[in-house]
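Here, each number is a calculation from the coordinates, and none is a lab measurement. Fair warning: this is a prediction, and the values are worked out from it, not measured in the lab. Here the Cβ is made from the backbone with ideal geometry for all residues, glycine too, and neighbour counts use every protein chain on show.
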Ligand code: DP6
C-alpha cells in the first residue's frame, strides 16, 4: 500500500483597522504602507484547505468550494506553490536523502470557506493563509511563521496577517526583495479578549472594483494617497499599537474609524473615483457616530468603531459588554425582515491564538 501525503490546515479572516491600500511592487506584493488587523475567531469565518501530493497526479490543481480554479503559470497561486516546493527541496529533501521527493510531485488542493462566498466578505486573506499553512504542513517544512507570512503575502497582501491570531501588524519593510515585509503579532487575542467584531452584511453583491485593481489605480492617480502613506499611517501604526497594548478602546476606536474614512477618501480621490460604500453603509456610520456621541456626552467614552473594506459591508468593533445593545440598535434601524440586510447579521468574536495549524 502506498503512503498518502496529505495535510489539512485552516486560517481565519482578518479585518484591518489600519488599511493596506497600494503596492510599491505588484509582483512581490510589497505595500506602500504598513497595516494592522484583528484576526477573527477560528470558529466563524475561516478557510480550510487540504493538500495532497502524489506521484500519479498530472498537474497542480485547486478546487475552491468544490469548483476547479485555474492555476495560471506565474500567477499568485503558482508562485505560492512554487515557493513552498522550493523550500521543501532546500530543507527537508536536501538534508535527508531518504525523505520522499514530494517537491517533485504535483499537488491537489481543496479549499473551503465556512462562510458563503456570496456574503461579500473577503476570502483571499484566509484562503491564501490556509493554503500556505496546509502545504507547509504537507511538506513538513522546518520554517517559522514569518517565512510563511512572506509566502502568503505573495498570494494576497492581506493574507500575510491571517497566519497569526489576535492583533497583527504587517510591516511594510524596506528591502526590495520583500524579505522584511511580513506580519508580526502585536498582541494575542487573550490580551484583550473583550474586543469583538460584529459583521453587518449590507450586500452580497460582487464588488465593482477589486482590491487589486482599485489600489493600483489609487497609486497611479491619487495625490491624497501620497499624503496618507507619508504623513498619516506611520503615526497611526504607533498610536493604535500602543492603544492595543494599553487596552485603550477610545483611541483604538477613534483611529479605526479615521483610517476607514481615509481609505474611502483615497478611493474617492482615485481617477476615475471608486465608491465602495452605499446608502446603508453610510447610514450605519451615522448610527454609530450618534451612538458614540451620546455615550461620550454621558462620560462613558467610545462604545463602537466601524470599519469598511473594499465593499459596503460594515464591521463594528466593540467591547463584549456593548454587543447586545449594538445589535438591538442596528436591527431597529435596519430591520432584516424588510430585506435591508440580504444575508444574516452575525456576531463573530475574534480570535484563536495560533490559527495556521491543523
Ligand atoms: C481594503 O489583500 O485583497 O481589505 O494584495 O491585491 O490581494 P491584494 O489585495 P488584498 O487587499 C485588501 C485591502 C483591504 C484593506 C486591508 O485588508 O488591509
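Pairing the Cα long axis of helix 76-88 with the longest principal axis of the chain, what angle in degrees results, from 0 to 90 and rounded to the nearest 10?
Computed tilt is about 50 degrees.
Shape of segment 207-312 from its Cα gyration tensor (a ≥ b ≥ c, root eigenvalues): rounded if a/c is under 1.5, otherwise prolate when a/b > b/c, or oblate?
The shape class here is oblate.
Where does helix 211-221 land angle-wise versus the long Cα axis of the chain, in degrees 0 to 90, nearest 10?
Roughly 70 degrees, rounded to the nearest 10.
Between residue 184 and residue 6, what length comes free when the chain is fully extended (0.36 nm per residue of separation minus the Cα-Cα distance, one decimal in nm)?
61.3 nm
May I ask you to compute the full-extension gain from residue 25 to residue 328, defined as 0.36 nm times their residue separation minus their alpha-carbon distance, rounded to one decimal in nm?
Difference between extended and current length: 104.7 nm.
Below 8 Å, C-alpha to C-alpha, sequence gap of six or more: please give me the relative contact order for segment 105-253 in percent.
In percent, rounded to a whole number, it is 18.
Among 267, 305, 258, which one moves the most in a GNM of the chain with springs linking Cα atoms closer than 10 Å?
Sorting by GNM fluctuation, first place goes to 258.
Averaging sequence separations of C-alpha pairs under 8 Å and six or more residues apart, then dividing by the length of the chain, give the relative contact order as a whole percent.
Here the relative contact order equals 24 percent.
Efficiency by 1/(1 + (r/R0)^6): what FRET value for residue 69 and residue 194, r their Cβ-Cβ distance, R0 = 41 Å, to the nearest 0.05?
0.60
Where does helix 323-333 land angle-wise versus the long Cα axis of the chain, in degrees 0 to 90, nearest 10?
The two axes meet at around 70 degrees.
May I ask you to derive the FRET efficiency for residue 146 and residue 89 from their Cβ-Cβ distance with R0 = 25 Å, giving the value to the nearest 0.05?
Computed FRET efficiency for residue 146 and residue 89: 0.80.
Residues in segment 308-323, backbone N under 15 Å from the label point at residue 296 (7 Å along the Cα-to-beta-carbon vector): list them, ranges by number please.
none
How many nm separate the modelled label positions at residue 265 and residue 221, each set 7 Å beyond the Cα in the direction of the Cβ?
That separation, rounded to one decimal, is 1.9 nm.
Please work out the C-alpha center-to-center distance from segment 202-245 to segment 25-64 and express it in whole Å.
Spelled out, the Cα-based centre of one part sits 21 Å from the other.
Viscosity 0.890 mPa s, temperature 25 °C: give me the Stokes-Einstein translational D for the chain in µm²/s, with Rh taken as the Kirkwood radius over C-alpha pairs.
117 µm²/s
Per 0.36 nm of contour for each residue apart, how much would the distance between residue 282 and residue 238 grow if the chain were fully extended, relative to their Cα-Cα spacing?
Taking residue 282 through residue 238 to full extension adds about 13.0 nm, to one decimal.
For the chain, what is the mean residue ellipticity at 222 nm derived from helices alone (per DSSP H run of n ≥ 4: -39500 (n - 2.57); sum divided by total residues; nearest 500 deg cm²/dmol)?
-10000 deg cm²/dmol
So how do 264, 191 line up by other beta-carbon neighbours within 10 Å, fewest first?
191, 264
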